[in-house]
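The values are calculated or read from the model by the stated rules, or taken from the named source; none is laboratory data. Given the structure is predicted, the values throughout are model-derived calculations rather than measurements. Here the Cβ positions follow ideal geometry from the backbone for every residue, glycine too, while neighbour counts run over all protein chains shown.
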Amino acid sequence: MHDAGEHWYVMNAYTKVDSCVDAVLNSCHGLRSYMPKRYAVRNYYGRVKRVLIPLIPQTFFLRGTYEAVEAFQKNISFIGFATTQIDGRRTSMKVPDGQMESFMRVADHYEEDLTYYQPSEIQLHKGEYVRVVGGSYDGVTGMMLRLKGKRGKRLVACIPQIMAIATTLIEPEYIQKISKEEYEQSMTECLWE
């Protein structure tokens, strides 16, 4: 059973043609969509180009009621809900608004030197909970972690089971420590709508 509220749903695309997914995202009227991207260098017939590609291959996010997202999904043969196992049942993956907004704010800085991780690659339980106050990441909540091979602590925004993104160094005056409870509350709130 699904509640009537709007949520961010994790979606899979069963095609490797990025332009097909972009066309789908441009046609989802009434739903908010997001596909994180990053720059990569590609060689096209001997010419090297810097192009934006999906950060998480074949994965994007749609925000709406379950019924609206499902109705949209049923009309497109190559997309489906990403699922996870909860209490022995397959359930559509949802991302809390605050967590998604923080992730988007960090991921949209693809011009900067961001580092991408699978959530299993870093030990999130070792971090301090923080909120960024000011600067280009203003309002983002996440964890400050010392990452292997990097100098200083980095802000990490994470969607569990999907991806974690570590920023470049952030000036200490922009960092405000918060409690675990404040962090968890911020993950359920929608900050930028």
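Close contacts from segment 52-74, counting a first residue that is farther than 27 Å from GLN118 by Cβ and a second that is at pLDDT 90 or above and among the aliphatic types (A, V, I, L, M), with Cβ to Cβ under 8 Å and a gap of 6+ residues or different chains, come to GLY64/LEU31; ALA68/LEU31; PHE72/LEU31; PHE72/LEU62. Among the residues of segment 97-113, is there at least one that is under 24 Å from HIS7 (Cβ atoms), over 13 Å from the mean Cα position of the chain (by Cα), of a type in the set (Lys, Arg) and surrounded by 13 or more Cβ atoms within 10 Å (Cβ to Cβ)? Scanning segment 97-113, I find no residue that is under 24 Å from HIS7 (Cβ atoms), over 13 Å from the mean Cα position of the chain (by Cα), of a type in the set (Lys, Arg) and surrounded by 13 or more Cβ atoms within 10 Å (Cβ to Cβ), so the answer is no. Across segment 170-182, not a single residue is classified as hydroxyl-bearing (Ser, Thr, Tyr), within 18 Å of GLN123 (Cα to Cα) and surrounded by 13 or more Cβ atoms within 10 Å (Cβ to Cβ).
When the residues of segment 55-96 are narrowed to those that are loosely packed, with under 13 Cβ neighbours inside 10 Å and acidic (Asp, Glu), which ends up farthest from GLY30 (Cα to Cα)? Break it down into steps so the answer makes sense when it comes.
If we filter segment 55-96 for residues that are loosely packed, with under 13 Cβ neighbours inside 10 Å, which is where we start, we get 57, 67, 74-75, 77, 85-91.
When the remaining residues are screened for being acidic (Asp, Glu), the result is 67, 87.
Numbers: GLU67: 12, ASP87: 32 Å.
Ranking the qualifying residues of segment 55-96, first place goes to ASP87.
Determine whether GLU173 is more than 29 Å from GLY5 (Cα to Cα), touching a Gly at 6+ places or on another chain (Cβ under 9 Å) and assigned to a helix (DSSP H, G or I). Considered against the rule, which asks whether it is more than 29 Å from GLY5 (Cα to Cα), touching a Gly at 6+ places or on another chain (Cβ under 9 Å) and assigned to a helix (DSSP H, G or I), GLU173 comes out as yes. For segment 100-131, filtered to residues that are of a type in the set (Ser, Thr, Tyr) and part of a strand (DSSP E or B), the residue that is modelled with the highest pLDDT is TYR129.
Contact map, segment 15-38: residues that are more than 23 Å from SER102 (Cβ to Cβ) and surrounded by fewer than 17 Cβ atoms within 10 Å (Cβ to Cβ) paired with residues that are small (Gly, Ala, Ser) and at pLDDT 85 or above, Cβ distance under 9 Å, separation 6+ or inter-chain. Pairs shown: CYS20/ALA13; ASN26/SER33; GLY30/GLY64; GLY30/ALA68. When GLY149, GLY134 are screened for being surrounded by fewer than 20 Cβ atoms within 10 Å (Cβ to Cβ), assigned to a loop (DSSP other than H, G, I, E, B), at pLDDT 80 or above and at positive phi, only GLY134 passes. Here is the figure for segment 22-35: residues that are under 18 Å from the mean Cα position of the chain (by Cα) and modelled with pLDDT under 90 total 2.
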